[in-house]
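Working notes for the structure below.
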Amino acid sequence: MSDARTPAQIEADIISRREQLAVVLDEIGVRVHPQTIIGDAKAKVAANVDRTAGRAFVAVNRSVSQVKAQFVAEDGSPRLERVIPAALLVVGVVGLLATARRRRA
């Protein structure tokens, strides 16, 4: 039982290894190419922005729902005992701002 290989087998192995090495080097070249690195970085940033925007949307939506629940009853009717004081407060603040603006001018 000898593992003696013929020169043709050795040469075929060398050619095969060279082809495999060429493929690996091409893959490395693509991975380290500046455009590939920039594209990967852009994709990561876009994914992070999307994730952050999604979380922000959920948080804002939850906050809006909580505020709405303060002014609207479960049956959809407005809670006048809360709406009227809030409306008066808004009108008062707008009136103060308008008065302050007139004094400046």
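The values are calculated or read from the model by the stated rules, or taken from the named source; none is laboratory data. Here the structure is a predicted model, which is why all the values come from computation and not from measurement. Glycine also receives a Cβ, built like all others from the backbone with ideal geometry; neighbour counts cover every protein chain displayed. Side chains included, ligands, DNA and RNA excluded: accessible areas come from the protein's heavy atoms. Shrake-Rupley method; radii C 1.70, N 1.55, O 1.52, S 1.80 Å.
Points worth noting:
- Compactness relative to 2.2 N^0.38 Å, alpha carbon Rg of region 64-104: 1.58
- Taking amide H as placed 1.01 Å from N in the peptide plane, the amide H of V72 sits under 5 Å from that of R79, each at least 5 places away or on another chain.
- Orientation-averaged projection of region 1-47 equals 5.3 nm² [convex hull of Cα atoms, one quarter of hull surface area].
- As a fraction of the 1.4 Å probe accessible area of region 29-105, surface on carbon and sulfur atoms comes out at 65 percent.
- Rolling a 1.4 Å probe over the protein chains gives S65 an accessible area of about 60 Å².
- The value given for the chain is a Kirkwood hydrodynamic radius of 21.9 Å, derived from the mean inverse Cα-Cα separation.
- Cα long-axis angle, helix 34-71 against the chain (0 to 90 degrees, to the nearest 10): 30
- Full extension of the segment from V93 to A73, taken as 0.36 nm per residue of separation minus the current Cα-Cα distance, would add 4.6 nm.
- With Cα atoms, 0 to 90° folded angle of helix 80-104 axis to the chain main axis: 90
- Tilt relative to the chain, helix 7-31 - C-alpha long axis, 0 to 90 degrees, to 10: 20
- Inter-site label distance for R103 and S65 at 7 Å from Cα along Cβ, in nm: 4.4
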